[in-house]
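Structure, as C-alpha cells:
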Amino acid sequence: MKIKGIPLRIHPSWFLIFLYFTLSAKDQFETLFDGQVSIWNGWLIGAFTSILLFLSVLLHELAHSFVAIGEGIKVKDITLFFLGGMANLEKECKTSKGSLKIAISGPIVSLLLAFLMILLSNKLLVSNIIISNLFKQVGRLNFLIGIFNLLPIIPLDGGVILKSLIWHLTGSKNKGIKAAIASARLISFLAIFIGIFSLLSGRFYIAACLFIIGLFIFTSSKSQSQIIQIQKILSELHVNQVCSRSYRVLEDDLPVKVLSKYNQSNNDKYSNEEWILLCREGRWVGYLTEKILKDIPVQNWDKKFLYEFSSPIDELPSISEKELLWKAIKKIENTIYSRLLVLSVSGLPIGTLDRVDIGKAVLKKIGLNLPDQLIKVARKENIYPLGLNLSDIARSMVPDDLEEY
C-alpha cells in the first residue's frame, strides 16, 4: 500500500514480532484477570496491542518521511521489520539543520504517543481497566522506542542527531560522522563489558543479549568507518587513474564483415555491446556497435561499409579524464550504457570507465585484489564487484565535503 505516495513494505521478519507481542500481551492480560476472561478476549487484546504497536512504529517512520519531504528529499519507501522500521530516503540532507529535524522527528512522535497513551490509561483506569491496561502497555513500548532511538549510535536516530549537532557546531559533516562512530564504539564496548560482568555473575540471558547488542553496534560503527574510507578514496582518485579501454578503433571504410571476426573472438568478454570507434585519416568520425550485424543479411557483409552505419561520437556519454571518481559514478548511474567514454583534456577518446573499473580501483586502495573470475562475473552482470554500494555512497557526497576528506 501507499501513504501519501510513499510505498509501505513489511518484511517477513516483522510477523514474528507481531506474533511475539500478541502472545505476550495475551498472557499478561490473562494473568491480570487471573483467568476469569475468555481465551478469545485474550487473543483479541493481544492482537490489538500488536496492531497499535505497528501503527506507532509506522507513525514514527512517517514523521521522518514527512519532514524529509519538507526538506526536499524524496522517500523511496518505508519498511517495517523485526527491529522496528526504516524510512528509505533517496539521499542525505545537505544541511545540518535539516538532517537534525529529520532525525529528531521520529523519537518526538514516539515520546508524544507514549505520553498520550499513558495519560489515556490513567483516565480509563476506573471506567475500563482492560483498555486502560492496553494503552499503558503500548505507551510504555512507545517510550522504549523513543528512548532507544535516541541512543547516539549510527544508524539510530540518536546517532544522526549527534552527527547533525557536531556538523552544525563545527561546520564539518565528516567530524559529525566521526563523533557518532566514536560514540557507537564506546557504547558497544560498554555493552560487551557489562555483558562479561553479567556472565561472571551467572546472568546468562542478560549477558547474551548485551553481547549481541554490543557486536551489532560495533559492526554498524565499523560499516560507517568503511563508508568514510570509501568516500575519501572517491574524492582523491581521478578518472584517468582507473579507466580501461573497452573499445575498438577501426577505419570507417572497412566492410561490415570485420565486425563478425571481432565478435567471434570476443563474444565472452562483455555482456553488452562494445563501442567501435571509427576514424578516417587520423580523425574521429563516429561510432557503432556490433548489433548492426543482426540487421544486415550475411551475404551483404562484404558489400556494406562501416561508415554507412556510423553515429556521431558526441552521442556517447563521456567524462573528462580529470574528473573525480565520485562524480563519474553519479554520471554512470544516469546513463543507459552504465559506461562512459573517457576524454583527454583536448577532447580525444583515451579510454572507457564502467562499474567494474571503479570497483576494482576502490577495492585495490582498500587492500583487496580481486581474482579474475570475480571480475569476469561482475563485468558480465555490469555490477560493482562484491556488491559494493558505490552509487549510494557517491550520491551522498557533495562538493562542500571534499576538503574534509
Quantify, in whole percent, the carbon and sulfur part of the accessible surface of segment 133-282 (1.4 Å probe; protein heavy atoms only).
64
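Cα gyration tensor of segment 144-301, axes a ≥ b ≥ c as square roots of the eigenvalues: rounded (a/c below 1.5), prolate (a/b > b/c) or oblate? Don't jump to the answer; show the numbers that get you there.
Values: a/c = 4.73, a/b = 2.80, b/c = 1.69.
In terms of gyration-tensor shape, prolate.
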What residues have an amide H closer than 5 Å to that of VAL285, excluding those fewer than 5 places away on the same chain, when H is modeled at 1.01 Å from N in the peptide plane?
LEU278, CYS279, ARG280
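Which order do you get for TYR20, TYR287 if you rank them by accessible area with a 1.4 Å probe, largest at the top?
TYR20, TYR287
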By how many degrees, 0 to 90 and rounded to 10, does the Cα axis of helix 157-170 deviate from the longest principal axis of the chain?
70
I want the local charge near ILE366. Using Cβ-Cβ distances under 15 Å, sum +1 for each Lys or Arg and -1 for each Asp or Glu among the other residues.
+4
Theoretical ellipticity at 222 nm over the chain - DSSP helices of four or more residues, -39500 (n - 2.57) apiece, nearest 500:
-18500 deg cm²/dmol
Please state the relative contact order of segment 305-405 as a whole percent: Cα pairs under 8 Å, 6+ residues apart?
23
Under Karplus coefficients 6.51, -1.76 and 1.60, residue-wise ³J(HN,Hα) of segment 190-206 in Hz, glycine/proline x:
5, 5, 5, 5, 5, x, 5, 4, 5, 5, 5, 8, x, 8, 5, 5, 5
For the chain, the charge dipole (Cβ of Lys, Arg +1; Cβ of Asp, Glu -1; about the Cα centre) points to a positive end, and the Cα of MET86, THR335, GLN231 closest to that extreme belongs to MET86
Select one label from (1) 1.03; (2) 1.18; (3) 1.34: the one whose number is Cα Rg over 2.2 N^0.38 Å as derived from the coordinates shown.
(3)
Helix 355-366 sits off the longest principal axis of the Cα atoms of the chain, rounded to the nearest 10 on a 0 to 90 degree scale, by 60
With all protein chains present and a 1.4 Å probe, how do ARG9, ARG395, ARG245, ARG339 order by accessible area, largest first?
ARG245, ARG9, ARG395, ARG339
May I ask you to derive the relative contact order of segment 93-164, considering only C-alpha pairs under 8 Å and at least 6 residues apart, and to give it as an integer percent?
38
Using +1 at the Cβ of each Lys and Arg and -1 at the Cβ of each Asp and Glu in the chain, identify which of PHE211, THR352, ASN240 lies farthest towards the dipole's positive end.
PHE211
Add +1 for every Lys or Arg and -1 for every Asp or Glu among the other residues with Cβ under 9 Å from the Cβ of VAL345, and state the total.
0
Under the Karplus curve 6.51 cos²θ - 1.76 cosθ + 1.60, θ = phi - 60°, whole-Hz ³J(HN,Hα) for segment 120-125, x wherever Gly or Pro sits:
5, 4, 5, 6, 8, 4
Residues with beta-carbon under 13 Å from that of ILE73, excluding ILE73: net charge, scoring Lys, Arg +1 and Asp, Glu -1?
+3
Ignoring ligands and nucleic acids, CYS93 exposes an accessible area, probe 1.4 Å, in Å² to the nearest 10, of 20
Of SER244, SER172, SER311, the most mobile residue in a GNM of the chain (C-alpha springs, cutoff 10 Å) is SER311
Quick one: how many Å² of LYS257 are accessible to a 1.4 Å probe, rounded to 10?
80
Enumerate the amide H contacts of GLU274 below 5 Å, restricted to partners 5 or more residues apart or on another chain; note that Pro and chain-start residues carry no placed amide H.
GLU290
Once amide H atoms are placed 1.01 Å from N in the peptide plane, what residues at a sequence separation of 5 or more from LEU156, or on another chain, have their amide H within under 5 Å of its amide H?
none
Per residue accessible area in Å² of the chain, where ligands, DNA and RNA are left out and the probe is 1.4 Å:
55
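The values are calculated or read from the model by the stated rules, or taken from the named source; none is laboratory data. Quick caveat, the model's predicted, so the values are computed rather than measured. Every residue, glycine as well, gets a Cβ built from its backbone with ideal geometry; the counts of neighbours run over all protein chains shown. We work out accessible area using only protein heavy atoms, side chains counted, and drop any ligands, DNA or RNA first. Shrake-Rupley method; radii C 1.70, N 1.55, O 1.52, S 1.80 Å.
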